[in-house]
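For reference, the structure is listed below as structure tokens.
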Amino acid sequence: MPDLKFIILVVEDQPIIRMGAVALVTEAGFEALEAGNAEEAIKILESRTDIKLVFTDVDMPGTMDGLKLTHYIRNRWPPVKLLVASGKTILEESQFPI
């Protein structure tokens, strides 16, 4: 029997905001995984095949921000859906992966 649980990976560097996002995801009935940066997110994605959606912030420290992470995910795991948010940055539609 296939796994029917919808798993969402929340990627946010601010712990309080990440906690809030994870709470929203779980209260909506989904399973939430969390990562504090793109590198952690990639490690989680490499170790699991059941993640259906990645919710990421744009502005994150490290070698890869959220926008670069979305392009990486789209190229490596095309079926994974992407949801991108930012409290600061305004992006053009053309900046997102197809």
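Please list the non-local residues whose amide H lies under 5 Å from the amide H of Leu82, H modeled 1.01 Å from N, same-chain partners needing a gap of 5 or more.
Val54
Say we join alpha carbon atoms closer than 10 Å with springs in a Gaussian network model of the chain; which of Thr70, Thr56, Thr26 then has the biggest fluctuation?
Thr26
Which ³J(HN,Hα) values, rounded to whole Hz and listed in residue order, are derived for the range 66-83 from phi using the Karplus coefficients 6.51, -1.76 and 1.60 in 6.51 cos²θ - 1.76 cosθ + 1.60 with θ = phi - 60°, glycine and proline given as x?
Taking θ as phi minus 60°, the curve returns x, 5, 4, 4, 4, 5, 4, 4, 4, 6, 8, 10, x, x, 5, 7, 10, 10 Hz for the range 66-83.
Show me, for the range 23-31, the HN-Hα J-couplings you get by feeding each phi into the Karplus relation (A = 6.51, B = -1.76, C = 1.60, θ = phi - 60°), rounded to Hz, glycine and proline as x.
My calculation for the range 23-31 gives 4, 4, 5, 6, 5, 7, x, 9, 8 Hz in order.
If you plug each phi of the range 33-41 into the Karplus form 6.51 cos²θ - 1.76 cosθ + 1.60 with θ = phi - 60°, what whole-Hz ³J(HN,Hα) values come out, in order, with x for Gly and Pro?
Result, rounded to whole Hz: 10, 9, 9, x, 6, 5, 4, 5, 4.
Taking the Cα centre of the range 46-85 as origin and charging only Cβ (+1 Lys, Arg; -1 Asp, Glu), how large is the dipole, in debye to the nearest 20? Don't skip to the answer; put the middle values down first.
On the way: 6 positive and 5 negative charges, 47 e Å.
Using Cβ point charges on Lys, Arg, Asp and Glu, the range 46-85 gives about 220 debye.
Using a Gaussian network model of the chain with C-alpha springs under 10 Å, which one of Leu83, Leu53, Leu69 is most mobile by mean-square fluctuation?
In the Gaussian network model the winner is Leu83.
Which of rounded, prolate or oblate describes the range 7-87 when judged by the alpha-carbon gyration tensor and an a/c cut-off of 1.5?
On the way: a/c = 1.63, a/b = 1.09, b/c = 1.50.
Oblate.
Each value in this text was obtained by applying a stated rule to the coordinates, not by laboratory testing. Note that the structure is predicted; figures quoted are calculated from it, not measured. In this analysis, Cβ positions are derived from the backbone assuming ideal geometry, glycine residues included, and neighbour counts consider all displayed protein chains.
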